[in-house]
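Some notes on the structure that comes next.
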There are 2 protein chains.
Amino acid sequence: MFAPTYLDWNATTPLDPAVREAMLPWLDARYGNASSRHEYGRQARAAIDEARARVAAALGAHPTEVVFASGGSEANNLFIKGVAALMKPGLIAYSAIEHPCVREPARQLRRQGWTVREIAVDGQGRLDVADWRAALAERPAIVSVMLANNETGVLQDVAALAGDARAAGAWLHSDAVQALGKIAVDFRSLGVHALTVSAHKIGGPLGAGALVLDKQLELAPLIAGGGQERGLRSGTENVAAIVGFGVACELAAARREDEAQRLSVLRDELERSLLEHGATVFSAGSARLPNTVFFAVDGIDGETLVAKLDRAGFACASGSACSSANPEPSHTLLAMGVAAQTARGALRVSLGRGTTADDVARFAATFAQLTNELKNLTAVAV
Amino acid sequence: MFAPTYLDWNATTPLDPAVREAMLPWLDARYGNASSRHEYGRQARAAIDEARARVAAALGAHPTEVVFASGGSEANNLFIKGVAALMKPGLIAYSAIEHPCVREPARQLRRQGWTVREIAVDGQGRLDVADWRAALAERPAIVSVMLANNETGVLQDVAALAGDARAAGAWLHSDAVQALGKIAVDFRSLGVHALTVSAHKIGGPLGAGALVLDKQLELAPLIAGGGQERGLRSGTENVAAIVGFGVACELAAARREDEAQRLSVLRDELERSLLEHGATVFSAGSARLPNTVFFAVDGIDGETLVAKLDRAGFACASGSACSSANPEPSHTLLAMGVAAQTARGALRVSLGRGTTADDVARFAATFAQLTNELKNLTAVAV
């Protein structure tokens, strides 16, 4: 099988072999419905309890604060719609660079009388302090600010924001899907009311994510029914995926510091090379994830370059994967004030556990070659 | 490993070996995000397209009518809340024996001004014709009637109901989660506007289900975000689960007639034996699934018997698995007018592809022995 070099770890990750190993029995002889009272059901229930404890431990939360869902998108929707459903319509504020699965459910709330407000970011993709204060002064009921951006990798100081939000009487949620496994993510020390995480971004399977939730929050379920997950998320639990999520969380926590160190060295090397070949690295002046480089080359179309890199054996992204069916330029870059023309040239390389120094060197060489070709083509065309 | 005889196929089913085989590559080297434009992403997208075609073919639907979700509970919630969100609040009617994942989202709509109405069933668990007509006369906007009940196995003549519902101007949804693989399920000939199915009830994996949806219906997504599934269900697709679902649908369709014939013979044998030992079989006079027996023995508690059967090596259910954390008697039986005391004694045995004549004979013998013991105990206690 043709196996290109995978440089799109922010989109999804391969299953860690240890995670896969832990999942397989639950796709085989251990097939019980966790709500069943018999032996098969009890085995499944025990496995979910153990996974919940692992996820909680990795996140500095209590197991009873972990609500399993089918993934990060569901967990974000669950928080936003679930909290709003039990409140009088008010204001919901979120950063202008949130993932669509935060922005869209917030916008859906307008039908129920809610007002939405985006909070501006600066040219580096960091929350604009003045606009943050202005937003809180408008007394939002719900606020959502992501811990790390999926495209630029920019980190927000969510712990500091949490203090402000609490003082302003808002429920603060943070989408930590991209942060988990790459930087420290501790529910208690972040001080947020709710946190979203996802398994498939950290070597775990598709089909599992969680909302970590302060128990003082009341939440209407998005999926109501059999009453699983303390009534907050009904539906037969995906045991194999939840088991895999637990193991992936444990591994991610154990490896995080070493991996972050290793990847940041590779990332820095890659950036040096990109800059040499005329690239602009977005948010280079901001605290960022150790594995993410979001960049553009003037006059070169990102889509075209991604397609050429793909044929040359490198898998990377031209925008966030979830919206790449959409030809619109990155909303993150537009929010940072980057011109639409430049934003259309953007390319994201995200490194991960399988990435080697050789992968990065080969990518850099191919990138240099392809951009030269494209530049010459452009020159000829003019 | 201790492997009791599994007689709880309506709760969940083991993965069919062919399904597992088809899934494994997607838990290994084929790990792309289906929204990614590179080789890994394109492979995942092609696999989802193929699975969608298989599911559609098995259900007599067009691939574009299949909306993948994380399971049956999500699909039911998606239909009910999704349709209601885009309408003026009105009446939603559903049969009194619907699964909680239909009843609960409907009840949640009351917060938005909707009225809910249950449609009565008769003592056999069939929709009460007079009440069905009365319900339609109240001009419901949305109606939901399951194709087969999860506990009794009772079938409703949904094709006939569809004609009535259409004439009354209602959107008709049918939960076909328990019907699929056991009786013919054809979207077009049923004539409903929407249909829910689930993978893990037919030898497919947990984590995949679908809402089959007439495209004239507008639906607000339950999970909004990246715009997957034509914008109706965002979130990175669970490729392995969806691939498994496709294969499971194909196998279920190919095997259905033979399996139904085989299982109904075993079921009839089992019922004869249960009746001999003083059991009452619920809905025995109604058209039912070929694999399901829901019964009770006067003076014996269902929970106690399930626990004893479990220790004796038989896995069966005392109520619907999804609500068995709940000690309330079966709402299906209560709706049928069964006394709470009798309903508490209820036991469900559901057969499946792995069930043999020997399994049934051994179960019947053990059941006879245990009920005799329990009756003697009761006699002594009196």
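How much net charge surrounds B:ILE202 when only other residues with a Cβ under 11 Å from its Cβ are counted (Lys, Arg +1; Asp, Glu -1)?
+2
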**Fill in**
For A:LYS215, inter-copy label-point distances (7 Å, Cα→Cβ), nm, shortest first, read 4.9
**Request:** For the stretch B:207-286 and the stretch B:1-58, compute the distance between their C-alpha centroids and round to whole Å.
**Result:** 15 Å
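Using only protein heavy atoms and a 1.4 Å probe, how much accessible area in total is buried between A and B, to the nearest 100 Å²?
That pair hides around 5500 Å² of surface in total.
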**Request:** Check each of the trypsin sites (Lys or Arg not before Pro) in the stretch A:199-289 and keep only those in coil by DSSP with at most 14 other C-beta atoms within 10 angstrom; list them in order.
**Result:** A:LYS215
**Request:** With viscosity set to 0.890 mPa s and temperature to 25 °C, compute the Stokes-Einstein D of chain B, Rh being the Kirkwood radius across alpha carbon pairs; µm²/s, no decimals.
**Result:** 114 µm²/s
**Message:** Based on alpha-carbon centroids, what's the gap between the stretch A:72-87 and the stretch A:112-169 in Å, whole number please?
**Reply:** 17 Å
**Item:** Shielding by partners - mean other protein chain Cβ count within 10 Å, residues of A:74-85
**Value:** 3
**Complete:** Over 29 Å (Cα to Cα) among B:LYS88/B:LYS215; A:LYS88/B:LYS215; A:LYS81/B:LYS215; B:LYS201/B:LYS375 -> A:LYS88/B:LYS215; B:LYS201/B:LYS375
**Request:** Over 20 Å, how big is the tail of the calculated P(r) for the stretch B:131-252, in percent of all Cα pairs?
**Result:** 49 percent
**Message:** Going 7 Å from Cα along the Cα-Cβ axis for the label, what nanometre distances separate A:GLY90 from the same residue across the other copies?
**Reply:** 3.4
**Request:** Provide an ascending nm list, one decimal, of label-point separations from A:GLY163 to the equivalent residue in each further copy; define each label point as 7 Å from Cα along Cα→Cβ.
**Result:** 7.2
**Item:** Computed magnitude of the charge dipole of the protein assembly as shown (debye, nearest 20; Cβ of K, R +1, Cβ of D, E -1)
**Value:** 960 debye
**Message:** Restricting the calculation to Cα positions, tell me the Rg (one decimal) and the Dmax (whole number) of the stretch A:254-356 in Å.
**Reply:** 13.8, 43
**Request:** Determine the sum of side-chain charges near A:ARG362: Lys and Arg each +1, Asp and Glu each -1, restricted to other residues whose C-beta is under 15 angstrom from that of A:ARG362.
**Result:** -2
**Prompt:** When ligands, DNA and RNA are left out and all protein chains stay put, how many square angstrom of accessible area per residue does the protein assembly as shown have with a 1.4 Å probe?
**Reply:** 35 Å²
**Item:** At least 30 Å² of accessible area lost relative to the chain alone, listed for the stretch A:206-239 with a 1.4 Å probe
**Value:** A:LEU206, A:LEU222, A:ILE223, A:ALA224, A:GLY225, A:GLY226, A:THR236, A:ASN238
**Request:** Within the set of other residues whose C-beta is less than 15 Å from the C-beta of B:GLN261, count the net charge using Lys and Arg as +1 and Asp and Glu as -1.
**Result:** +2
**Message:** Taking all protein chains in place and a 1.4 Å probe, what share, in percent, of the accessible surface of chain A do carbon and sulfur account for?
**Reply:** 52 percent
**Fill in**
Among beta bridges assigned by DSSP with both residues in chain A, the antiparallel ones amount in percent, to the nearest 5, to 55 percent
**Complete:** Mean-square fluctuation maximum in Gaussian network of chain A, Cα pairs under 10 Å, restricted to A:ASP268, A:ASP16, A:ASP214, hits A:ASP268
**Complete:** For the protein assembly as shown, using Cα atoms only, the Rg and Dmax in Å read 27.0, 101
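The values are calculated or read from the model by the stated rules, or taken from the named source; none is laboratory data. Worth saying up front: this structure is predicted, and the values here are computed from it rather than measured. When we count neighbours, we look across all protein chains shown, and the Cβ atoms used for this are built from the backbone with ideal geometry, even at glycine. The area values use the complete protein model at the heavy-atom level, side chains included, leaving out ligands, DNA and RNA. Shrake-Rupley method; radii C 1.70, N 1.55, O 1.52, S 1.80 Å.
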